[in-house]
Every structure is written in structure tokens, then in C-alpha cells.
Amino acid sequence: MNGAGRVLSSLAAIVYVLILAPIAIVVALAFSADSFILFPPSGYSLRWFNQLAHNEPLLNALWLSVQIACVVTLLSLALGVPAALALNKGQFRWRGALTNFFLAPLLLPTLITGLALLLFFTPLRLTATLPGLVLGHMTVTVPFVIRMMTTAFSTLPDDIEAAAATLGAKPWRVVWRVTLPLATPGLIACACLSFLLSFDETVISLFLSGPRAATLPVEMVRYVEGRTDPLVAALSVLLIVATLIVVVIVERLVGVARAVGK
Amino acid sequence: MTGTARLKLLVLPAALFVLAVYAWPTLGLFRNAFNETGPTGAMIEAWSLKTSQEVFSDGFTFELTLNSLWLSLSATLIALMLSYPVALFLFRTTSRFRGLLAVIAIMPMLISGVVRVFGWLAILGDRGLVNTLAQSLGLISTPIKLVFNWTGVTIGLAESIMPYMILALLAGFGQLDRTLEEASRSLGASPARTFWRVTLPLSLPALALAAGLGFVLSMSAYITPKLLGGGRVFVLATEIFEQATTNTNWPVASVLAIYTLLLLLLLLVASNIAAKGLQR
Amino acid sequence: MSYLELSGLQKRYRDSVAVDDVSLSVEQGEAVALLGPSGCGKTTTLRMLAGLVDPDRGAILLDDTEITRLPAHRRNMGYVFQSYALFPHLTVARNVGFGLEERGIAKAEIARQVTEALALVRLAGLDGRRPRELSGGQQQRVALARALVIRPAVLLLDESLSNLDAKLRDTMRHEIRSIQRSLGITTLFVTHDQVEALTMCDRIAVMDRGRIAQIGSPEDIYERPATRFVAEFVGRANALPATRDAEGRAVLWGQALPVKAPARGAFDLFVRPQRMRIVPVSEPVADGMARVTGRVLRSVFVGDHVEVLFEGAGGQLTIETQSGTAALPEGTEVAVIWQARDTLPFARETP
């Protein structure tokens, strides 16, 4: 017995099939030999991976997305980690209100944020530019980093920072020698997830992308809207693999459920 | 104490960022709702409710609202029914694969929405898995339409909100004490009766919260209705995007966005009140 | 002026008072225990001393210098935490050397002192281990070495033995006491364990609801508890409701005792079970002895002693006798006697 009972386990198994179905089928489709979406495929080949390797717009978009995600991750950590540190250790009178202020962007749908940014960026000529997209993604990743790192900092062992202080370490030395080293797994996991959040960010990017600067998800949406062939499936396999790598890293370091849950 | 005082200053960069790139633009969105659109389509700076009046006297807005609500309701109910057994299973199981299974249940929320939509196209499309299977079994002669309509969007949406709901349910199950069920069994209740009389009542608050979350996520989802709807599914989210980009009618887009936001707020408050009321 | 002076310390939290009014003088080289139940404010007091909690009121003076507002890292207090709070990412040697590194001492000197400190706590050779590779007792020793190596002005131990099993606790108790004695280091222990307080310290401050109820030597505290709380908390005691007669003597179960009763109010007589003896009813009462009669209700063998539950005319009491004596059969009519001066009358608390 696994503690869940046979009926419940069977029900869960059926749902798991549903959860995994779209992902599994995308992977199978990527190796299709057909020229359109047909499932099951009439034959298997690597032709769509080959096509992908020669598709300029998609490859450019992929490269742009990687660049943006890297910059977004670095900047979000640079802004978010110090803020999380201060929220944890500073004696704020309105800590609760301040925390809510930082986390508010996570509550609003990206649809609304995207629209607000479009209205804000257009007069500043920031739409369809790298800085614009970076700033846009950061409205999601900065609050995320703050949320995740405040948790990481607050779950350090009891009294460990107090111990360093009693041994003569100045506050910033405590941060440097104890807090940050102990929060490193959380920090790495946080960086990976920020990268992924930025890389996968679709709605805000759709609002802010123009023909000049389109991120990968935007390019994919445009492709799927126009045509239905397995090229996107081949690309999806790459994205799924990248996601899996991040998931494995995060699970090893802090646990996925803890990282993305509240 | 000067050390911690200086430490507080570390919130400043992030606070400035959120103010400048989040709070200020959001205020700008509210400001835009009071602007007007001229006959040429150009925006006119104003402080009027003209745009709002236009939007709310248009029957289409009402239709979009009903569409959004109905779509979100069906997607949420489907997702809730599917998420509940998974969450309960994960909460209960003592399997050593529990961690892995939990990750698999949550993972889809980390995989790009476009990828998953593409998967549904391959499953539900005219020549997708379901139709091919049904035809080869002789159940149907011509493909049934499962995508580029409400059915496809509902299925895709339900799937996309499930990971969030599973997480919310798991978090809400905290008060579900295994010994209560054992007590019920020891008092002579069958497993089914125990579920009905103990487990389900105790998980109602979690269900209410998860439903609220799912509803909000469905209402504000754009990619799934857009791609799986194939241009035939109109909801508030798609309309906001169209007005903002294709029509560049910002005042209308802003009014619709604020209207949607208020609807979401109402729904969230309602689900929270429901969850509190269901808690004994 | 004593070496360490706490005067009128107070700490309030939003809805409760953790420390109400604590004043305490500690001489150099002295070991003082803060003894009390959980929530009595003893740990908060210790944390205020270390600079980890800011007092709302009061002052702390160390060697005639006020340190009340000094941040923790400038106080030079060796703090051994209940959880040990060892740095999991550093080796044993780096843990012990942490404070010296923060003081900018030369590497070679740090290495020498760390080796010395580890030898002192009998952990020589474990320098390269990580804290998680150590047993609970070893972790405790590392924490102690880490706190000692900085030559602290005061050593603060917060429930430091409570996470160890009973046997190890005994060993560590003696070890810490002998290290403390040989280094002559001023020490404050926080504990809820009276055995720890009684055996490890020169003086004990019993704390109750944020105040010090009594300060004194272990004998004082045990033999002459100043308040009802101290009598109840330290050691075991029979609390026997009594009345007073016309001559001002205490009357227990209808029998007048040669014990002076308090002038007014309801009161109980406190007598330690080990101070009582069971004698045949026929035995005459000696001078200065209190005596009640009744019968044996039950005898319970508890290893090193036997507990006898005794029932008299007005209630029950417990007597501890040495094991080895023949157990008295239930229902035997006996007398219980004790020295009248071992009887402590305390006013009854109005709930």
C-alpha cells in the first residue's frame, strides 16, 4: 500500500496521463516525417530538426531570448537579492506592507502588466527594443526573486547569523560569510527559474515585440498562427529539455514545489 | 545599529524599479481609461468617461464578459475535478516517488504555454490523435471539430491551470488530518462514506481557494484562447490585446483591462470569503 | 561595582512582557545560572546580554563600561546556542577560528589557538570535519570551543545541554564546569533543568514571569526558598494546606505543629519528601519535630529510592525513603515525622 488507496491512485494515474499527453505528443511529433501535424505520424525522421537549424527568424529569436533571459536574470538578482536581504534583516515598521508592495506584480495578470508597459514604453520608444523587453520581463522576475529569496533567507538555521555576530562579525560580514553562502543553493535555483521565466515569458513580450525584436515565444506564436507543421514541435523539444534541466537543478537544490509555491 | 540601518537601504533599487516600471505604468493605464479616441482613431488626451460609456453601452462587451466567465467557469470546474484526485493522491501517498510525482504534476507550469498549446493541436486537431483514433475505431466518419472553437480552448485552459490548482490544493490540505479518516473508518464508515463525510467537507476551503485561483488565471489567459481558439473565440483577454495592438485603441483597451481587473478582484474576494466560510 | 551588572532590564513584545525587571550582579570568574520554566524570560535576558535583543529599559555594565546599546559584534560575549548554530558550510577548524578571523588575527596564530581550543574540549584531530559529520556531543564541544577561543568577557550558555541524551549530559556538565573553573571565566547559564543549575553554578537566579524570584547559592535556593514559586520549582515539595491556632502555630490535619504560622491569610506548609521519615506510631515525638499520623496508601519503587504515598486525616503526602528498607504493607498505621525547621510556610496563591 502506498497510503493513497487503489481508487485514488488509479484516478491520479489517469490525470497524470492527461497532464503528460501534450508534452509527450509534442516530443513524438518533433520526429515526424510528415509535412503537417498528423498524429500518429506516418513516419519518423529528423527533417524538422534539420529545418530548424536553417530557420533564420526562429534561430535569431532564440538567440535574442537567451540574451534577454541572461540580462534579466542578472539584473533581477542584483535588484532582488539585496531587497530580500533588507526585508529579512532590516527592522522595518511596515515590513508586511513593503513585502506586499514588492509582490503585487505577481498578483496582477501579465496581460494587464503587458498593456500598461506598452502604453508606458511607446512614447519612450522602448517597445521592440532589448532594454524594453528586459524591463518588461523584470516586472515578473524581480518580484519572483524577492519572494523566493526572502523565503530562502528566512529558512536559514536558527541563530546561525546571531552566532556570527556574537563572534565579532559586523553585519555585512555576517551577510558575506554566513547568510549568502548558506543561501547559495536557493540563489542558484532562483537564477535558473528567473532565466526560465524570462525565456518563456510570452504575453508581455507579445505586447512589446515588434518585427525588429521578437523573442522566441513570440516568434513561435506567430508561426503557429500562420502554419501548422512539426517545425515548432522540434523547437519545443529543445525548450522541454531546457525546462527539464532547470527543473532537475531546482529540485535538487531547493525543491520545485517550494520554489514556485507560496 | 548603523549596520542594519544601512542594510535597509538595500530595498531602494528594487523599490525604485517597481515604482518606475510597474506602479507608474499601471497608474498610466488607469489614466488612459479617461482618454478619448478621435474619429480618425487618434488618441485625444482628456478626463472624461466617454470611452467607458462607449465600451459599456456596446453589447459586445457584455457578450465578451459572458464568454470569459463561462469559459473560465467550465475550465475551472474541469481542472478542479482533475486536480483534486492528484492533489489528494500526492498528499496521501507514502511512495518514494512522491517527490518525482509532485514535480511532474507541477512541471507543466514551467513549460512554455506555446509548447503545450501545440501539443493540444496535435491531440485535438482534425488529423490529431483523438480524431485518428476515433476514425480507425469506426466511431466517426468525418473528423469532429475539437480545436479552433470553445471546446479546444476549454480543454487547453483547464490543462494550463491544473498545476497551479494542484499546488493550491496541496497547500490547503494542511488541516486534513489522516487520523480523522482513520477515526471515521474505525467508527464503521466505508471508504466512500468516509470520503463523503470527512475528507470532502474538510477540503472544501482548499477547493474554494483553488477554484478562485483557477478562475482568475483562466480569465486573464491570452495565449490559449488565442491559439486554440483560432480567431473564433472572443473573450475579454483577446479583445484587450486586439484593441491595444491591432487597433491601437488604447483608451478602450485600458477601460477593458480595468474592467477585467475589477472582475478578477471581485472573484478573488468571493473565493476567499467562501474559503473562510467553509472553514469550521 | 561587580564585573557584570544588569540593572532594571525590561523587554516587551507586542502583547507580552518577556523580561519585566531583571537586576543581577555577577563577579569576575563566577558561574551563575538563570533557572526557570520556559517563558520566564531567561533566554531573552541572555540575548540582551549578548546584544541580540535590544532592551526597552535598563542597563548592562561590563567592567564599569556601559554596553547596553553596543551591537553584538562588538561585545565579545561567547554565546553557546541551544541549537549550537554551527556554520554548516565551514569545517570544525573554520567554525572555531571564525571569531579570530573576524578579529584579523594572523593565520598561524589562529591555527595555534584553534588547535589549543579543540584540545581543551577534547576534539583534537577533528579539525577537517563538517558539523553534520559530528555527533550531538561533539557539535556541542565545537560550539563551546568556538565561544571560548575568542576569550570572551562573559561566556553565555543557552540551554546548551538540553539537546543531549541523559548520559552525555552528565559528562558534559562536569566537563563544562571544570573548563569554566580552570579558565576562571565568568559564565551565565540559562537552563530549565535544576540539576544543571545546582551542579554547575556558584549562584542561581530563579526566574519567574520576567523577574528574578531569588538569587542565592544552590544550598540557599534549595534549603531556603524565598518564595512559593521557588519552593515548587526547585526540588519536590509536599504543599500541605494548614491553618493556625490561637498560639500562632501551624495546624496540619488537626494536629498543632511546632511551626510558626504566618500572621494572616491562608497558607500551605512546604516540606521536602526526603526530609520526612516514617516511624512507628508508638515512637515518642522528639523536641523540634513535627509529626502527623495516618496510614500507608502505596509504596512505589523508583530505583534509587522508594516513594511512599501516605494518607492522614486531612489529605495525602509523599515521603521519599531509601530503597533497601523493607517495604511497608499498604494500610499500615504509621507516623510521619520531620524537623520542624524543615517546614516552610508560604501564603496560598489566589488563583
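Angle of helix A:180-200 to the longest C-alpha principal axis of chain A, folded into 0 to 90 degrees and rounded to 10: 30°.
Of the trypsin sites (Lys or Arg not before Pro) found in the range A:61-133, those that fall in a DSSP loop while having at most 13 other beta-carbon atoms within 10 Å are A:Arg93, A:Arg125. What the Cβ-Cβ distance of C:Thr65 and C:Asp165 gives, at R0 = 45 Å and to the nearest 0.05, is a FRET efficiency of 0.65. For C:Lys107, go through the aspartates and glutamates and keep the ones whose alpha-carbon is under 20 Å away, minus same-chain ones fewer than eight residues off. Straight-distance partners of C:Lys107: C:Glu116, C:Asp127.
Within 10 Å of each Cβ in peptide A:136-144, how many partner chain Cβ atoms are there on average? Round it to a whole number, please. So the per-residue partner count for this stretch is 3. Protection proxy ranking, highest mean first, for peptides B:255-268, C:307-320: B:255-268, C:307-320, where packing is the per-residue count of other beta-carbon atoms within 10 Å, averaged. Shown is the FRET efficiency for C:Ala327 and C:Asp287, computed with R0 = 41 Å from the Cβ-Cβ distance and rounded to the nearest 0.05: 0.85. For C:Leu34, the residues whose modelled amide H falls within less than 5 Å of its own, excluding neighbours fewer than 5 places apart on the same chain, are C:Phe189, C:Val190, C:Thr191, C:Ala205. Each other residue within a Cβ distance under 14 Å of C:Pro280 adds +1 if Lys or Arg and -1 if Asp or Glu, for a net charge of +1.
Relative contact order of chain C: 16 percent, from C-alpha pairs under 8 Å at least 6 residues apart in sequence.
Were the residues from C:Asp54 through C:Arg181 laid out at 0.36 nm apart, the gain over their Cα-Cα distance would be 42.7 nm.
Applied to the range A:161-175, the Karplus parametrisation 6.51 cos²θ - 1.76 cosθ + 1.60 on θ = phi - 60° returns per-residue 3J(HN,Hα) values of 6, 4, 4, 4, 5, 5, 7, x, 7, 5, x, 6, 6, 4, 4 Hz, with x for Gly and Pro. Against chain A, whose longest principal axis is taken from its Cα atoms, helix A:130-154 shows a tilt of about 50°. Cβ under 13 Å from C:Arg177's Cβ, C:Arg177 left aside: what net charge do those residues give with Lys, Arg +1 and Asp, Glu -1? Taking every Cβ under 13 Å from that of C:Arg177, the sum is -2. Going from the fewest other Cβ atoms within 10 Å to the most, the residues B:Leu133, C:Leu164 appear in the order B:Leu133, C:Leu164.
Here B:Lys226 is the anchor, and the lysines within straight C-alpha reach of less than 30 Å, apart from those fewer than 8 places off in the same chain, are A:Lys262, B:Lys50, B:Lys145. If you filter the range B:173-245 for trypsin sites (Lys or Arg not before Pro), then keep DSSP loop positions with at most 16 other Cβ within 10 Å, what is left? Of the trypsin sites (Lys or Arg not before Pro), the ones in loops of the range B:173-245 whose Cβ has at most 16 other Cβ atoms within 10 Å are B:Arg232. Per-residue 3J(HN,Hα) values for the range A:25-40, derived from phi via the Karplus relation 6.51 cos²θ - 1.76 cosθ + 1.60 with θ = phi - 60°, read 6, 4, 5, 4, 5, 4, 9, 5, 9, 7, 9, 9, 6, 9, 10, x Hz in sequence order (x marks Gly and Pro). The B:Phe97 and C:Leu297 beta-carbon pair, evaluated with R₀ = 60 Å, returns a calculated FRET efficiency of approximately 0.55. Backbone amide hydrogens, once placed in the peptide plane, bring C:Ala213 within less than 5 Å of C:Val206, C:Met207, C:Asp208, excluding anything fewer than 5 places away on its chain. Ignoring lysines fewer than eight residues from C:Lys11 along the same chain, the ones with Cα atoms less than 19 angstrom from its Cα are C:Lys42. Rounded to the nearest 500, the helix-only mean residue ellipticity at 222 nm of chain B stands at -22500 deg cm²/dmol, with each DSSP H run of n ≥ 4 adding -39,500 (n - 2.57).
Of all beta bridges that DSSP places with both ends in the protein assembly as shown, some 75 percent have antiparallel geometry.
Using only side-chain charges placed at the Cβ, +1 for Lys and Arg and -1 for Asp and Glu, the dipole size of the range A:55-260 relative to its Cα centre rounds to 640 debye. Compute the label zone of A:Thr122 within the range B:24-54: residues whose backbone N is under 13 Å from the point 7 Å along Cα-to-Cβ. Those under the cut-off are B:29, B:32-33, B:35-38, B:41-45.
Its Cα gyration tensor gives chain C an equivalent ellipsoid; the semi-axes, largest first and in whole Å, are 47, 25, 15.
For peptide C:71-79, the mean count of partner chain Cβ atoms within 10 Å of a residue's Cβ comes to 6. Taking a point 7 Å from the Cα of C:Ala313 along the Cα-to-Cβ direction, the residues of the range C:271-291 with backbone N closer than 17 Å to it are C:281-282, C:285, C:290-291.
Exposure proxy for B:Phe148, C:Phe301, C:Phe189: other Cβ atoms within 10 Å of each Cβ, ordered fewest to most, give C:Phe301, B:Phe148, C:Phe189.
Averaged over peptide B:74-81, the number of partner chain Cβ atoms lying within 10 Å of each residue's Cβ comes to 0. With distances taken between every two different alpha-carbon atoms, the range C:117-168 has a Kirkwood hydrodynamic radius of 11.8 Å.
Each value in this text was obtained by applying a stated rule to the coordinates, not by laboratory testing. Note that the structure is predicted; figures quoted are calculated from it, not measured. For neighbour counting, all protein chains shown are included, and Cβ atoms are generated from backbone atoms with ideal geometry for every residue, glycine included.
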